[in-house]
1. Please determine, in degrees from 0 to 90 and to the nearest 10, the orientation of helix 57-67 with respect to the longest principal axis defined by the Cα atoms of the chain, where the helix direction is its Cα long axis.
2. Below 8 Å between Cα atoms, with a sequence gap of 6+, how large is the relative contact order for the chain in percent?
3. Taking the stretch 36-91, how much of its Cα-Cα pair set, in percent, is spaced more than 18 angstrom apart?
4. Please report, in cubic angstrom per residue, the volume enclosed by the convex hull of the alpha-carbon atoms of the stretch 2-81.
5. Report, in whole Å, the centroid distance computed from the Cα atoms of the stretch 51-91 and the stretch 1-32.
6. Roughly what angle does helix 15-26 make with the longest principal axis of the chain, taking Cα atoms, 0 to 90 degrees, to the nearest 10?
């Protein structure tokens, strides 16, 4: 998923820009029904830990196969890189 987000969108500066990009990539497979973004900062590096659900199990399976998204505690999970100028909240 991170690769798809990097290829088609400008650097993510805030949570809203990342959410819109995730919804855009997922639209090919189904509708996002749940999305939670947690910013993780280690030193100067920020990544977003993203948890999502789509509107059907079939859509989620297709997303997993095509975008390296893994199941985690009932959600789908992936990490997204964000720009160093990120203005969203940090953990």
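1. Between the helix axis and the principal axis of the chain, the angle is about 50 degrees.
2. Relative contact order, the chain: 36 percent.
3. Roughly 38 percent, once rounded to a whole number.
4. Per residue, the Cα convex hull of the stretch 2-81 comes to 87 Å³.
5. Centre-to-centre (Cα) distance: 10 Å.
6. Long axis of 15-26 versus the principal axis of the chain: about 30 degrees.
Any read-out appearing in this document is the output of simple, stated calculations on the displayed coordinates, not a laboratory observation. These numbers were taken from a predicted model, which means no experiment stands behind them.
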